[in-house]
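To keep things clear, I will list the structure first and then write my remarks on it.
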Amino acid sequence: MRHRIHTHEALTGSVTIAGEEFHHAARAVRIREGEEVELFDGAGNAAAGVVQTIGSSELIVRVERSIDAREAANVVQLAMAIINLDKFELVLQKVTELGVKTIIPLETERQEIRPERYRGKHERWQKIIFEATKQCGRAVIAKLEPPAPFDEVIQRQGAKIVFDADTPATQQLSNPATLFIGPEGGWSEREIELAKAHGCAFERLGPRRLRAETAAIVACARHTGLC
């Protein structure tokens with residue numbers, strides 16, 4: 001795949017790239033004049049172009065044609081319980097690659113990670129999502145919401161699907177949908193009852209009990225239409 005560059009400019013004519021994206025393209029990747037690149041704006045637009053000039057602090061790309069945004073067929077939000085931070089960051093990366101539109105870090109009753117451990121992580125998590133977006137070829141940067149309690153998120157409007165290995169499945173495919181993945185210790189009985197009270201569907205991911213990070217990846221792959 002051609003080197004990909006993020007820009008907020010309109011993807012027409014000549015586009016000037018400066019700042020961190022310039023530094024990465026010109027200094028780290030060392031692209032050359034005449035090289036083909038891809039541009040994307042993070043909002044769903046992408047284009048192919050050719051590097052015209054490379055200066056000391058900016059480069060100019062001539063846009064040649066629009067290209068496919070490579071977005072998933074279904075609109076999926078992921079409400080993901082905050083788990084071991086290394087595993088949580090793996091989930092951020094992989095579900096971005098799978099095409100999730102919004103990620104909601106979910107605070108749950110059986111959460112093992114103390115809030116002070118993930119306080120101030122938002123910028124790091126956004127960077128993980130951004131880098132995964134560039135790598136996988138998407139033109140949309142997934143939205144990362146601030147951490148929110150389960151009790152608040154479960155009351156939101158729209159189709160909601162809770163994944164739980166011990167609750168009988170009631171799920172019917174919905175698009176768009178918010179997928180709920182619990183922590184390592186699973187959902188509490190109160191959370192399950194609250195989900196039922198707010199009209200959530202339930203789904204299982206086969207006969208085995210999956211780790212939280214595995215469940216998130218499998219659920220998102222299924223509901224974005226990739227498998």
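Below, the figures for the structure above:
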quantity	calculated
Residue among 85, 59, 90, 98 that is assigned by TED's automatic domain parsing to the domain that holds residue 217 and crowded, with 21+ Cβ neighbours inside 10 Å	98
Of the criteria (1) within 30 Å of residue 178 (Cβ to Cβ); (2) out of contact with any Asp or Glu (no Cβ under 8 Å at 6 or more places or on another chain), which one residue 84 fails	(2)
Filter result (among the acidic types (Asp, Glu) and buried (at least 18 other Cβ atoms within 10 Å of the Cβ)) within the range 139-176	164
Check on residue 179, of a type in the set (A, V, I, L, M), surrounded by fewer than 18 Cβ atoms within 10 Å (Cβ to Cβ) and in contact (Cβ under 8 Å) with a residue 24 or more places away in the chain	no
Unique match (being under 19 Å from residue 133 (Cβ atoms) and touching a Cys at 6+ places or on another chain (Cβ under 8 Å)) among 70, 2	70
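Residue-wise test of (1) modelled with pLDDT under 95; (2) polar (S, T, N, Q); (3) more than 24 Å from the chain's Cα centre (by Cα); (4) under 23 Å from residue 69 (Cα atoms).
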{"position": "5", "(1), (2), (3), (4)": "no, no, no, yes"}
{"position": "12", "(1), (2), (3), (4)": "no, yes, yes, yes"}
{"position": "26", "(1), (2), (3), (4)": "yes, no, yes, no"}
{"position": "40", "(1), (2), (3), (4)": "no, no, no, yes"}
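The values are calculated or read from the model by the stated rules, or taken from the named source; none is laboratory data. Everything numeric in this text was worked out from a predicted model, so none of it was measured. Glycine gets a Cβ as well: all are built from the backbone with ideal geometry, and neighbour counts include every protein chain shown.
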